[in-house]
Amino acid sequence: MTFLTLTSLRKQYGSVAALDGIDLSVTAGSRTAIVGPSGCGKTTLLRLVAGFDAPDEGGIVFAGQQLADARSQVPAHKRGIGIVAQDGCLFPHLTIRQNIGFGLEAEASVKNARIAQLMDMVGLDPAMLARKPDQLSGGQQQRVALARALARKPRLMLLDEPFSALDTGLRAATRKAVTDVLTAAGITTLLVTHDQGEALAFADQVAVMRAGKFAQVGSPREVYSRPVDVATAAFLGEAIVLPAEVADGRAQSPLGVLPVDDIAYRGKAEIMLRPEQITVAQNGGDGVFATVAEINFCGPISDVRITLGDAFTFRLDIPSRETLSAGDRVTIGVAGAAHLFR
Amino acid sequence: MTSTTETRITIAPRPRLPAASSWTLTIAVVVALLALLPLGFVLWATVVTGWETALQLIFRSRVGDLLVNTVLLVVLTIPICAVLGVSLAWLTERSDLPGARFWSWLCVTPLAVPAFVHSYAWIGLWPGFNGLPAGVAISVVAYFPFLYLPLSAAFRLLDPALEDQAASLGLAPFAVFRRVVLPQLRLALCGGALLVGLHLLAEYGLFAMIRFDTFTTAIIDQFQSTYNGVAAYMLALVLVLCCFVLLGLEASLRGRSRYARLGPGVARRPKIARLGKWKYVALLLPAVTAAFALGVPVLTLSRWLIAGGAGVWRLDEVGLALWQTLAICLIGGLATTAAAVPIAWLSVRRPTRASRFLEGCYYLASSMPGVVVALALVTITVRAMLPLYQSVATIVLAYVVMFLPRALVSLRASIAQVPVEIEQAAASLGRSPGNALLATTIRLAAPGAAAGVALSSLGIMNELTASQMLAPNGTRTLAMAFWALTGEIDYAGAAPYAVLMVAFSLPLTFLLHHQSKKIAGR
Ligand SMILES: Nc1ncnc2c1ncn2[C@@H]1O[C@H](COP(=O)(O)OP(=O)(O)OP(=O)(O)O)[C@@H](O)[C@H]1O
Ligand SMILES: [Mg+2]
């Protein structure tokens, strides 16, 4: 069932088209991640959905209600959509208790019980309730912001890079905690991030955004393995792009003859492999011969540049090993099918 | 400023003060002692009077009447000013009011008109208007800019993301204003309200002109007619206590901290509210305010100027008053700024508990009404240092006490912008510490010092109470001449003096407005 539908949303700031025709549908209870480089319009999109700004064109339908079209829009406070901003955006003049209870209308005892429950849900110590936001760490502020947004039991939750202020370790932990809370509450979620790993790990549906448009929308696997173009492929992770001659589902490429995921296409094309499909063997095995042109040791992995004949070079991260050094001959093997860009 | 940083300062082993700081500290302490002279005097006078006489003089119906007048005046004027200030600041900063910039300037301009000229203008139009209603109405138009200025700066600094966030939590626009915007304006509201309150307690000319009795007018009457010293001292004591009540109220309402923005980056530009069809209704507020606060003075002044013709411009007298005013403004402004340099430097470069305490002393001293300062200095000089009675030195000291914080604010901001490394570099090139300070920081902070001189001069130019009581024989500033002429009911003759005061205050007022914008970063 479609829960949120965006149709050809446009938003112009002066000469910059922040959003340039966005279409998206989100099913109830799902998690959607919007990923894209800085400045591509992610925050603008969330602000339109939350009702902080009005679109220039296009419409937003949420749970069967028209929230915005070119002429009118439902104000933010009547939408019932929760939002956690990039920096938490806690009210600096209120305590944590008052922040979380801000949108709650109930008598004190009910309110306090609910606040305690929310604190527990986001994994914070109730002793913090009396503090002011500036006495909390960045990660704790994010959790309070989440609790505050959850307090009103919103049907849709918007998360704008909520983890970007956190360090790597805390980031994964907080993301896990937030995902669990949202799943348990069955809240439909829209997450904005510029971290592709985060998007792929978090979502059921990933929308890759570029310059105000969605380049591709699909499941994490689909956008990762079958990106629509080279730029999308590169944005979502390391990609090895090869020129090839394709016919009958097979590609003649510098890495030999490879199966491709498109049996209908015939002719010249570019194909893509992900690094995990490639094996580098030092003593024989199946595959194509190549030379290690350069090797950079970076701890558990090494960054190697591999030359095939004298025509083609590519970079690759492989697990570090003692014995490999520049100038060595290796055999390159490929597992699975290559992806074909049409 | 959190309490943790304070404790850290006391726990850390204190480095020995370099020579420059110890000298600066000594001067700052001496200035603080001088500034606290009036307050000390009032306490001393009370003690000398003895309990019995003091109680007799304080608990009488006259004091009760004055107290009722004062309380009513403060309790009515401040809320009206606050509502007017918030509404005007919101309209000019956060709505698409046509000509918002223009109105914002007009909202500050009333400060260029001395309070007693406001009241002269009103009774010029409505001669029968007096008592409490007149006092409140004229005070509102004369003093609301003290609230408008900090409030409009605070509106510019608000982070609109908080308002968006509150809306997403289900609050309707008015609730957002009440629960998110207003609390963040609290600091500006409290500071501005305190300033208005202190002016209400200290003002003489405005209320004397409309025959509304306050402690200040009563003290001056006492002083001029019978010179009943003890009774005047006891009225001054009650007045000082009123000031302390205001200061205490403000300190307890202000709360603990300023609300800094959390999180990285710069706040978005605030959203501008669309007034739509309300636009023209909304225009009424600044228009009516400007009509009363500026239109009335302009109207009365031009009426008297036309009625008086060329005859009122007696160039010898007006010229002499102008020359004397400019001279005393310049001397007073320079002295005030010079007196503020040590504490300004200390509070930026060596912020310690002692420097914060000293700063508090200056603010406390300057919140004493001019009449108390003058009464104290008159009595002290007459009794102990007669040659200094009605000397330039004494009146300049009064101005320093009253206007030092104005210079301090400007100086501090500009000293903070000079990197301390420059000062250290000068010292490493062989300058003595004091010399290094003069050659670098003071030189580079000159624009701030100039602003300090200008702002304290603005205060001096429009000061009437203390000037009247302390001015050397034969001195007649613009304010004094204006006051003397209106006392003789020569309203036409007084007009040129008022026009000159306004003309010289205008650029300084705009400087004030500009500075408050710069502090807000726009
Ligand atoms: N209020 C505004 N006025 C003018 N331009 C704006 C405004 N807000 C956003 N933009 C522009 O719109 C574009 C999209 O901005 P947006 O904030 O949506 O980016 P983003 O994808 O969230 O970036 P980031 O990952 O850095 O947060 C940018 O080019 C930005 O400069
Ligand atoms: Mg953003």
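The values are calculated or read from the model by the stated rules, or taken from the named source; none is laboratory data. Model, not experiment: these values are computed from the prediction. When we count neighbours, we look across all protein chains shown, and the Cβ atoms used for this are built from the backbone with ideal geometry, even at glycine. When the accessible area is computed, the model is the full protein with side chains, heavy atoms only, and any ligands, DNA or RNA have been set aside. Shrake-Rupley method; radii C 1.70, N 1.55, O 1.52, S 1.80 Å.
Kindly provide the set of residues from segment A:147-206 that are touching a strand residue (DSSP E or B) at 6+ places or on another chain (Cβ under 7 Å), within 12 Å of chain B (Cβ to nearest Cβ) and open to solvent by 50 Å² or more (accessible area, probe 1.4 Å), ordered by number. If the condition is that a residue be touching a strand residue (DSSP E or B) at 6+ places or on another chain (Cβ under 7 Å), within 12 Å of chain B (Cβ to nearest Cβ) and open to solvent by 50 Å² or more (accessible area, probe 1.4 Å), then A:Arg152 is the only one that fits.
Which members of segment A:274-286 meet the condition of being small (Gly, Ala, Ser) and open to solvent by less than 50 Å² (accessible area, probe 1.4 Å)? Scanning segment A:274-286 gives A:Ala281, A:Gly284. When each of B:Thr486, B:Thr465, B:Thr477 is tested for being under 28 Å from B:Leu305 (Cα atoms), buried (at least 22 other Cβ atoms within 10 Å of the Cβ) and in contact with a Pro (Cβ under 9 Å, 6 or more places away or on another chain), the lone residue that passes is B:Thr465.
Of A:Pro162, A:Pro154, A:Pro227, which residue is in a loop (DSSP other than H, G, I, E, B) and more than 18 Å from the chain's Cα centre (by Cα)?
Working: A:Pro162 fails: more than 18 Å from the chain's Cα centre (by Cα); A:Pro227 fails: more than 18 Å from the chain's Cα centre (by Cα).
Result: A:Pro154 is the single residue among A:Pro162, A:Pro154, A:Pro227 that is in a loop (DSSP other than H, G, I, E, B) and more than 18 Å from the chain's Cα centre (by Cα).
Looking only at strands (runs of 3 or more DSSP E) that lie completely in segment A:1-45, which have at least 1 residues being more than 15 Å from the chain's Cα centre (by Cα) and within 15 Å of ligand 1 (Cβ to nearest atom)?
Details: elements: A:2-13, A:16-27, A:31-35.
Those strands (runs of 3 or more DSSP E) span A:2-13, A:16-27.
Look at A:Asp195 and say whether it is modelled with pLDDT of 90 or more and not aromatic (Phe, Trp, Tyr). Steps first, please.
Numbers: modelled with pLDDT of 90 or more: no; not aromatic (Phe, Trp, Tyr): yes.
So A:Asp195 fails the test.
All conditions in (1) under 23 Å from A:Ala231 (Cα atoms); (2) out of contact with any Lys or Arg (no Cβ under 6 Å at 6 or more places or on another chain); (3) away from ligand 2 (no atom under 16 Å from the Cβ) hold for A:Asp20, with the sole exception of (2).
Looking at this structure, is B:Arg178 within 14 Å of chain A (Cβ to nearest Cβ) and without any contact (Cβ under 8 Å) to a residue 40 or more places away in the chain?
Working: within 14 Å of chain A (Cβ to nearest Cβ): yes; without any contact (Cβ under 8 Å) to a residue 40 or more places away in the chain: yes.
Spelling it out, B:Arg178 is indeed within 14 Å of chain A (Cβ to nearest Cβ) and without any contact (Cβ under 8 Å) to a residue 40 or more places away in the chain.
Residues are listed down the side, and each one gets a yes or a no for (1) under 18 Å from B:Leu67 (Cβ atoms); (2) at pLDDT below 85; (3) not β-branched (Val, Ile, Thr):
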residue	(1), (2), (3)
B:Phe212	yes, no, yes
B:Ile219	yes, no, no
B:Ser225	no, yes, yes
B:Val245	yes, no, no
B:Ala251	no, yes, yes
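Residues in segment B:329-345 that are within 22 Å of B:Gln417 (Cβ to Cβ) and buried (at least 22 other Cβ atoms within 10 Å of the Cβ): 10 in all.
The set of residues in segment A:55-75 that are within 19 Å of B:Lys271 (Cα to Cα), among the small types (Gly, Ala, Ser) and either modelled with pLDDT of 90 or more or part of a strand (DSSP E or B) (or both) contains only A:Ala68. All conditions in (1) among the basic types (Lys, Arg); (2) surrounded by 17 or more Cβ atoms within 10 Å (Cβ to Cβ); (3) more than 27 Å from B:Asp221 (Cβ to Cβ) hold for B:Arg431, with the sole exception of (2). B:Leu438 passes every criterion in (1) closer than 24 Å to B:Ile395 by Cβ; (2) open to solvent by 10 Å² or more (accessible area, probe 1.4 Å); (3) in a helix (DSSP H, G or I) apart from (1). Inspect all residues belonging to segment B:206-220 and state whether any of them is acidic (Asp, Glu) and more than 14 Å from chain A (Cβ to nearest Cβ). Within segment B:206-220 (the criterion being acidic (Asp, Glu) and more than 14 Å from chain A (Cβ to nearest Cβ)), the answer is yes, since at least one residue qualifies. Among residues of segment A:275-290 that are in a loop (DSSP other than H, G, I, E, B), those with a Cβ under 9 angstrom from a residue that is modelled with pLDDT under 85 and open to solvent by 40 Å² or more (accessible area, probe 1.4 Å), sequence gap 6+ or separate chain, pair up as A:Gln282/A:Arg321; A:Gln282/A:Thr323.
Based on this model, can you work out whether B:Val117 counts as away from chain A (no Cβ under 14 Å) and either touching a residue at least 12 places away in the same chain (Cβ under 8 Å) or part of a helix (DSSP H, G or I) (or both)?
Numbers: away from chain A (no Cβ under 14 Å): yes; either touching a residue at least 12 places away in the same chain (Cβ under 8 Å) or part of a helix (DSSP H, G or I) (or both): yes.
The answer is yes for B:Val117.
The set of residues in segment A:207-243 that are among the polar types (S, T, N, Q) and without any contact (Cβ under 8 Å) to a residue 24 or more places away in the chain comprises A:Gln216, A:Ser219. Condition test on A:Ala215, is it in a strand (DSSP E or B), open to solvent by 30 Å² or more (accessible area, probe 1.4 Å) and of a type outside the set (Val, Ile, Thr)? So A:Ala215 passes the test. Taken residue by residue, segment A:91-100 has no member that is touching a residue at least 12 places away in the same chain (Cβ under 8 Å), in a strand (DSSP E or B) and either open to solvent by 60 Å² or more (accessible area, probe 1.4 Å) or within 13 Å of ligand 2 (Cβ to nearest atom) (or both). Of the residues making up segment B:346-392, those that are in a helix (DSSP H, G or I) and open to solvent by less than 60 Å² (accessible area, probe 1.4 Å) number 26. Do you know which of the residues in segment A:4-16 that are surrounded by fewer than 22 Cβ atoms within 10 Å (Cβ to Cβ) and more than 16 Å from ligand 2 (Cβ to nearest atom) is farthest from the other protein chains (Cβ to nearest Cβ)? So, considering only residues that are surrounded by fewer than 22 Cβ atoms within 10 Å (Cβ to Cβ) and more than 16 Å from ligand 2 (Cβ to nearest atom), the one farthest from the other protein chains (Cβ to nearest Cβ) is A:Ser8.
Candidates are the residues of segment A:34-84 that are open to solvent by less than 50 Å² (accessible area, probe 1.4 Å) and of a type in the set (Ser, Thr, Tyr); the one that is farthest from the other protein chains (Cβ to nearest Cβ) is A:Thr44.
In segment B:120-172, how many are within 14 Å of chain A (Cβ to nearest Cβ) and assigned to a loop (DSSP other than H, G, I, E, B)?
Here is the first cut: in segment B:120-172, the residues within 14 Å of chain A (Cβ to nearest Cβ) are B:154, B:157-172.
Next cut, assigned to a loop (DSSP other than H, G, I, E, B) only: B:158-159, B:169-172.
Final tally of qualifying residues: 6.
Just one of the listed residues (B:Leu285, B:Leu301, B:Leu315) is in contact with a helix residue (DSSP H, G or I) (Cβ under 7 Å, 6 or more places away or on another chain) and within 24 Å of B:Ala494 (Cβ to Cβ), namely B:Leu301.
I'm trying to understand the selection: among the residues of segment A:188-216, which are farther than 16 Å from A:Thr168 by Cβ, more than 15 Å from ligand 1 (Cβ to nearest atom) and among the small types (Gly, Ala, Ser)? Within segment A:188-216, just A:Ala203 meets the criteria.
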